[in-house]
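Written out below as structure tokens is the structure these notes cover.
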Amino acid sequence: MSPTGSSIESPHGSSTPLLSESPHRDSNVLDYPAHTTSKTIASILGPALIVIGATESLNLQHFENLPPAHVYQNGIIIFTGGLVILRFHFSWRWSWTTLITVMGSLMTAVGTLRMAFPATPAAVGGAAFYGTLATLVLTGSFLTWKGYH
């Protein structure tokens, strides 16, 4: 039985813990090899970034005058997603997997800013905005490739 009390019972009466102690953290996390976690997150985050970047560019007219409450709610979602990524993937190694940690950190920062300043006008349009959307799509494409390759 694991420290959390969660286990899978086999037909023969033995149990396999669902969670186990990670040698890299003080708390329980899913006991996957780091590479598997990286590929799993990349295979989810990559397609999400592609779709977000593409659909935001198609719907710019809807983002110009969002009510502050919607911006705040969007900040909550982005912030929470960033925290989840950082909780399960906080790695600053010299490899492609660091990009996942960077994205989690950026999401946490952007979500915090959107919650702290929801009434700030959106900078829709312009080279910086389109560059950001293109970066999302390119980053998403790379992560998708790494996640499914």
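The values are calculated or read from the model by the stated rules, or taken from the named source; none is laboratory data. All of these numbers come straight from a predicted model, not from anything done at the bench. Cβ: placed from backbone, ideal geometry, glycine included. Neighbour counts: every protein chain shown. The protein model used for the area step is the full one, side chains on, heavy atoms only, and it has no ligands, DNA or RNA in it. Shrake-Rupley method; radii C 1.70, N 1.55, O 1.52, S 1.80 Å.
Miscellaneous remarks
- At an R0 of 22 angstrom, the distance between the Cβ atoms of HIS149 and VAL102 translates into a FRET efficiency of 0.65.
- Accessible area of TYR72 in the full protein assembly, 1.4 Å probe (Å², nearest 10): 100
- In order through region 39-52: 3J(HN,Hα) via Karplus (6.51 cos²θ - 1.76 cosθ + 1.60), integer Hz, x for Gly, Pro: 5, 5, 5, 4, 6, 9, 5, x, x, 4, 5, 4, 5, 4
- The HN-Hα couplings worked out from phi for region 82-95 by the Karplus form 6.51 cos²θ - 1.76 cosθ + 1.60 (θ = phi - 60°) are x, 5, 4, 4, 5, 5, 9, 8, 10, 9, 10, 7, 7, 7 Hz, whole numbers, x standing for Gly and Pro.
- Gained length - TRP94 relative to ALA69, 0.36 nm times residue gap less alpha-carbon distance: 5.1 nm
- Phi angles of region 57-71 translate, via the Karplus equation with coefficients 6.51, -1.76, 1.60 and θ = phi - 60°, into HN-Hα couplings of 5, 7, 10, 4, 4, 7, 9, 5, 10, 6, x, x, 5, 5, 5 Hz per residue; Gly and Pro are given as x.
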